[in-house]
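J.: Have a look at this one before I ask anything.
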Amino acid sequence: MTGTTTGGGYLRGPKVSLRPVESESDARGVFRMMNNPEAVGRFVNFDPMTWEAFQLAMRNWSNPPFSITLMIIERNEDQQLVGYGVYFLPYPSNPSCVELGSLIEAPEHRGKGYTTEALALGIEFLFGTKPIERIQATTAPGNVPVAKLLERAGFQREGVLRRAYFVDGEYQDKVMYGLIRSDWSRDVPKE
């Protein structure tokens, strides 16, 4: 996929754009999604927070050791915020590896290729502009749609992180996926 980089750090594909959080309205949209248990879903620990705690977290995320970058996923046809993506350094002492994740909020926006396109734009941006060798992502073993999405994008299933996350009052496994620069293809992932 060849996305277009526009002014202001926008990455634009045919259906969606990735862009930085630019306003309080953007931040409140992400806050709403993070505090919506139906949007977060059953595969991620739901940990609601106050607006004040969210604002503090956003200020801290961009600093080491977190170095989290938050991006808006915006539908091009009407500039509606449909989700968000993040990328960060999972190992702060190793800046050649980046982990990413995303969330599409409303069920009616899922299955339309928005996440597929946002993932392709993110991969192209990261490998095209950062001196990294590896992009990784994790998901729950039962999250088949995300596993298929990652595999279509060229990620390899690398293994299971046993009892790595605490979700819904119990320790659960996560599946690790990785994409290394030499395996990356600029082809658009198939929906």
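Nothing in this text is a laboratory measurement; each read-out follows from the coordinates by a stated rule. The structure displayed is predicted, hence computed values, not measured ones. So basically every Cβ, Gly included, is an ideal-geometry build from the backbone, and we count neighbours across all protein chains shown.
J.: Residue by residue through region 35-40, what is 3J(HN,Hα) from phi via Karplus (6.51 cos²θ - 1.76 cosθ + 1.60, θ = phi - 60°)? Round to whole Hz and write x for glycine and proline.
T.: Result, rounded to whole Hz: 9, 9, x, 6, 6, 5.
J.: Take the Cα of Glu158, step 7 Å along the line toward its Cβ, and report every residue of region 109-144 whose backbone nitrogen sits under 17 Å from that point.
T.: Counting only backbone N, you get 123, 126-127, 131-141.
J.: What size of dipole, in debye to the nearest 20, comes out for the chain about its Cα centre when the only charges are +1 on Lys and Arg C-beta atoms and -1 on Asp and Glu C-beta atoms? Before the final figure, lay out the partial values.
T.: Values: 21 positive and 23 negative charges, 83 e Å.
The calculated dipole for the chain is roughly 400 debye.
J.: In region 4-138, if the dipole is taken from +1 on Lys/Arg beta carbons and -1 on Asp/Glu beta carbons about the Cα centre, which of Leu103, Phe54, Pro65 is farthest to the positive end?
T.: Most positive-ward Cα: Pro65.
J.: HN-Hα J couplings of region 112-127 from phi, Karplus 6.51/-1.76/1.60, θ = phi - 60°, integer Hz, Gly and Pro as x?
T.: Result, rounded to whole Hz: 9, x, 5, 5, 4, 5, 4, 5, 4, 4, x, 4, 4, 4, 5, 6.
J.: For q values of 0.09, 0.18, 0.20, 0.23 Å⁻¹, compute log₁₀ I(q)/I(0) with the Debye formula on a Cα-only model of region 4-138, without solvent.
T.: -0.25, -1.10, -1.36, -1.65
J.: OK, next. Along the charge dipole of the chain, pointing to its positive end and built from +1/-1 on Cβ of Lys, Arg, Asp and Glu, which listed residue (Tyr114, Phe166, Gly128) has its Cα farthest out?
T.: Gly128
J.: May I pose another question? Nearest 500 deg cm²/dmol is fine: what mean residue ellipticity at 222 nm does the chain get from its DSSP H runs of n ≥ 4 alone, each adding -39,500 (n - 2.57), divided by its residue count? Before the final figure, lay out the partial values.
T.: On the way: 5 runs with 51 residues, N = 191.
Computed ellipticity for the chain at 222 nm equals -8000 deg cm²/dmol.
J.: Let me ask something else about it. Starting from the Cα-Cα distance between Asp78 and Ser96, subtract it from 0.36 nm times their residue separation and give me the gain in nm to one decimal.
T.: Numbers: separation 18, 0.36 × 18 = 6.48 nm, distance 3.58 nm.
Gain in length upon complete extension: 2.9 nm.
J.: Between Arg110 and Gln55, how many nm apart are label points set 7 Å from Cα along the C-beta direction?
T.: Placing both labels 7 Å along Cα→Cβ, they lie 3.2 nm apart.
J.: I've got another one for you. What number comes out for the charge environment of Ala164, summing +1 per Lys or Arg and -1 per Asp or Glu over other residues with Cβ under 9 Å away?
T.: Working: positive: Arg162, Arg163, Lys174; negative: Asp173.
Local charge sum for Ala164: +2.
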